[in-house]
1. Just one of S311, S325, S284 is over 11 Å from the mean Cα position of the chain (by Cα), of a type outside the set (K, R) and within 15 Å of H394 (Cβ to Cβ); which is it?
2. Are any residues in the range 295-326 modelled with pLDDT under 95, within 20 Å of W182 (Cα to Cα) and in a loop (DSSP other than H, G, I, E, B), and if so, which ones?
3. Quick check on L254: is it under 23 Å from R157 (Cα atoms) and surrounded by 17 or more Cβ atoms within 10 Å (Cβ to Cβ)?
4. What number of residues within the range 84-104 satisfy the criterion of being more than 26 Å from C123 (Cα to Cα) and part of a helix (DSSP H, G or I)?
5. Residues in the range 368-418 that are modelled with pLDDT of 95 or more and outside any helix (DSSP H, G or I): how many?
6. Which residues, taken from the range 371-399, are within 16 Å of R81 (Cβ to Cβ) and within 12 Å of the chain's Cα centre (by Cα)?
7. Here is a check on your reading of the model: is Y365 in contact with a Gly (Cβ under 7 Å, 6 or more places away or on another chain) and either modelled with pLDDT of 95 or more or not assigned by TED's automatic domain parsing to the domain that holds G248 (or both)?
Amino acid sequence: MSLKLLSSDDWRERCAGDGEFRLAARHWTGGLVLDVGNRSVRLSLEDGELVEFDGDSDVGMVAFTGEESVWEKILSQVPVRFHNDLMANISQGGGLTRSGDRLVHAQYFAAIMRAVELLRAPCDEGPVMEHDNKPAGSVDAPVGRYIHLDFAGHDHRIYYEEAGQGIPLLMQHTAGCHSSQWRHLFEMPWITDRFRLIAYDLPFHGKSMPPVTRQWWSEPYNLEGEFLRSVPIKLMQALGLDRPVFMGCSVGGLLALDLAHRHGELFRAVISVEGALHIGGRTSELEELWHPQVSNEYKARLMDGLMSPTSPAAYRKETGFVYSSGWPPVFLGDLYYYLEDFDLRGQASEIDTSQVAVHILSGEYDYSGTAELGKAAHEAIRGSTFAEMAQVGHFPMSENPETFIQYLRPVLDQITAS
């Protein structure tokens, strides 16, 4: 839509006819304002119903302000990097500012972003993988099991799925998530013919059960490096794995480099997806991620902004669905390691890539573990490899597996050749 033709009436009509917006805006009394240069367009709602604005109340209102040139990038059919999402733009200093109640913003961010999407020209939602069109009764490749591991004297039932044969490949999910993010790789024979894939759920994640011998429900949850590093090591020891490959994304991508630095002798290679030497930030500034008045829907939609708008819609929504399904405190608690605990600056040069190969893959649209951070890690680790993955974001293995494997395949080929 041309910004010169953009009107509040037309915007309201588009939102009123969209099921996704109406579901996300349920119970909202307030609205959304886009300040475009020297003019504004507005949506007003009463208990989730769109209404014409008839006053000056700012209760429940959220506003985003930017020059017309900034909005032109945001509202293009396929926005360029860091302009596909309002929070991506603000995070990267792209020209927008936000005002209004932070809590309301978190409660209705899914509706806010859907309203913005409705101002863009429609895009092809993208294809799904062939293995997602199997006939009824088909059985997928992975087999799931539980294994008992001891952490600090407490028994944990850890869930893992595996398929394939050959070089063992441990796969670590992202913060607040679980192993289903890796499901597409299990269905690719060119991988499973050479690698024994093992995807596990961290304690308190997915199907991994909390211990019954401590009152974990009365304790704050913060994921710390010493505990996190011990999980794949204890799992590989229990399964009798000989120098496996480790691949992780986001929190797992940082963990890959952490393991290469501290325990390189245990692994033949690590693959750091969306990794960095340091992310930085404070979990205290992200309290909306675990707030009694904010649902897990906020996490799901926030993650959408970390993905590429060209990734298939079904897989982007599936990735968000997994985020909305987790134990409420776990995402924010995982970010303690991601933002505060992990820091390899000044130590990365100690990684010996003649002992453990290091491969770093970074998505173009990731505004958290950016490609710039991935490249900086590569430059600090002598002998490592690096690739920026075009047209994917923070969750390449789940948001766009077809594109991800184009970058993963040369890495796996190099590992098998060595």
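The values are calculated or read from the model by the stated rules, or taken from the named source; none is laboratory data. Here the structure is a predicted model, which is why all the values come from computation and not from measurement. Methodologically, a virtual Cβ is constructed for each residue, glycine included, from the backbone with ideal geometry; neighbour enumeration extends over all protein chains shown.
1. S311
2. S325, G326, listed by residue number.
3. For L254, the condition - under 23 Å from R157 (Cα atoms) and surrounded by 17 or more Cβ atoms within 10 Å (Cβ to Cβ) - is not met.
4. Residues flagged as more than 26 Å from C123 (Cα to Cα) and part of a helix (DSSP H, G or I) within the range 84-104 amount to 3.
5. 19
6. Within the range 371-399, V392, G393, H394, F395, P396, E399 meet the criteria.
7. yes
Quick grid of which residues meet (1) buried (at least 16 other Cβ atoms within 10 Å of the Cβ); (2) not in a loop (DSSP other than H, G, I, E, B):
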| site | (1), (2) |
| --- | --- |
| L119 | yes, no |
| A136 | no, no |
| V139 | no, no |
| H156 | yes, yes |
| Y159 | yes, yes |
